[in-house]
Each structure stands twice: as C-alpha cells, then as structure tokens.
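What follows is one structure encoded as structure tokens, with my remarks underneath.
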Amino acid sequence: MLDMTPQSRVEAFLFKEARLLDTGDFAAWLELYAPEGVYWMPSQPGQTDPLNVASIIYEDYPILSIRVQRLFEARALVLTPMPSTTHMLSNIEVEEGDDGIVRANCTFLCIQYQSSEQKTFAGRQSFELEPVGDSYRILLKRVDLVNAGGTLPLITIPF
C-alpha cells in the first residue's frame, strides 16, 4: 500500500463513499458508518440544532439501516426504476483534531437521474471521521444544500 498523507487518505475515503452511492452499493456504504454514526441534512442554512429544529434528514445508524433495507425492497415503488447518481467532490479540506477525530469539508454536486427526470443537488458536506486502521468510520455526515430552506424535490436515496 502506498504511504499516504492524512489529506490523501481522507480524500480516498470520501471518493469511496461517493462511488458506493453511485454504484448503488448501499450495504457497503452503510458499513462506512460507526454504530453511533449520524447522517444529517439541515433544513435551514446555518442550522445548529438537529433535534429541536426540523431537519430534512436526521438519521442515526439504526434508522440508516432501515433506509438501506427499504432501498432493496420490491415494494419501494418510488425507487422503480432505481435512481442513478453521479457525485462530484471538490475543495476537500482536512483537519486532524486533538481529540483524534478527523474533520473534513468539501463541496459536492450530485446529479440524480430516474424515469427521464434529472435532478441536481449541490452544497457542502462536513464529516467527522473516526480513524480505524488505514481508513475511517463516519461519526457524522452533514449535508448542507445550497437551497436548504427552499422547496426541494423528493429525496429518495442518500447523497
């Protein structure tokens, strides 16, 4: 294995997460999360409270597990056909904390295509990552959409 800098290790991890979403390997994507991991998409710009202010998505690991399970159920008509996505990440910044947690921020663009309809989602993603061997586990993934607070289309799969 190549000797990678912390920056390049985090970049590789974030690119892997995006690739798993794009290939629809949601079970492997879920494995990137720590058991106490959280996926959060605030409903308002600058939102600091996920519990007392409504969020678009605020799901801990057990709820994420249910979401992934539902993605594979034949009864999920909203996912027929399954949407395809392409994620693009850029401007990745990495900071190693004194507490051992690695914090990463990046800009993202996600194109989702389903049933002749294309949707575009864009914004910033923030991660709190727990180092595990040569890789990481996600403690927190926060997705801040540029149009948070506005009217959004149905979000059926995570990004």
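Per residue, how much accessible area does the chain have with a 1.4 Å probe, in Å²?
Accessible area per residue, the chain: 54 Å².
For ASN52 and THR86, calculate 0.36 nm times their separation in residues minus their Cα-Cα distance, and state this gained length in nm to one decimal.
My answer for the length gained is 9.0 nm.
How tilted is helix 6-22 with respect to the longest principal axis of the chain? Cα atoms for both, answer in degrees (0 to 90, nearest 10).
Approximately 20 degrees, to the nearest ten.
Between the helical axis of 61-71 and the dominant principal axis of the chain, each derived from Cα atoms, what acute angle in degrees is found, rounded to the nearest 10?
With both axes taken from Cα atoms, the answer is about 40 degrees.
What does the accessible area of ASP99 come to, in Å² to the nearest 10, when a probe of 1.4 Å is used?
100 Å²
Return the label of the correct value of Rg and Dmax of the Cα atoms in Å, as calculated from the structure shown, out of (1) 25.3, 95; (2) 27.9, 106; (3) 15.6, 48.
(3)
Using 0.36 nm per residue of separation minus the Cα-Cα distance, give me the extension gain between ASP25 and LEU154 in nm, one decimal.
44.4 nm
For segment 140-150, what does the Karplus curve 6.51 cos²θ - 1.76 cosθ + 1.60, with θ = phi - 60°, yield as ³J(HN,Hα) per residue in whole Hz, taken in order and with x for Gly and Pro?
Once rounded to whole Hz, the list reads 8, 10, 10, 10, 9, 6, 5, 9, 4, x, x.
If you roll a 1.4 angstrom probe over the protein chains with everything in place, what fraction of the accessible area of the chain belongs to carbon and sulfur, to the nearest %?
Roughly 53 percent of what the probe reaches on the chain is carbon or sulfur.
For the chain, what is the mean residue ellipticity at 222 nm derived from helices alone (per DSSP H run of n ≥ 4: -39500 (n - 2.57); sum divided by total residues; nearest 500 deg cm²/dmol)?
Mean residue ellipticity, 222 nm, calculated: -6500 deg cm²/dmol.
The values are calculated or read from the model by the stated rules, or taken from the named source; none is laboratory data. None of these values were measured; they are calculated from a predicted model. Each accessible area value is taken on the protein alone, full model and side chains, heavy atoms only, with ligands, DNA and RNA left out. Shrake-Rupley method; radii C 1.70, N 1.55, O 1.52, S 1.80 Å.
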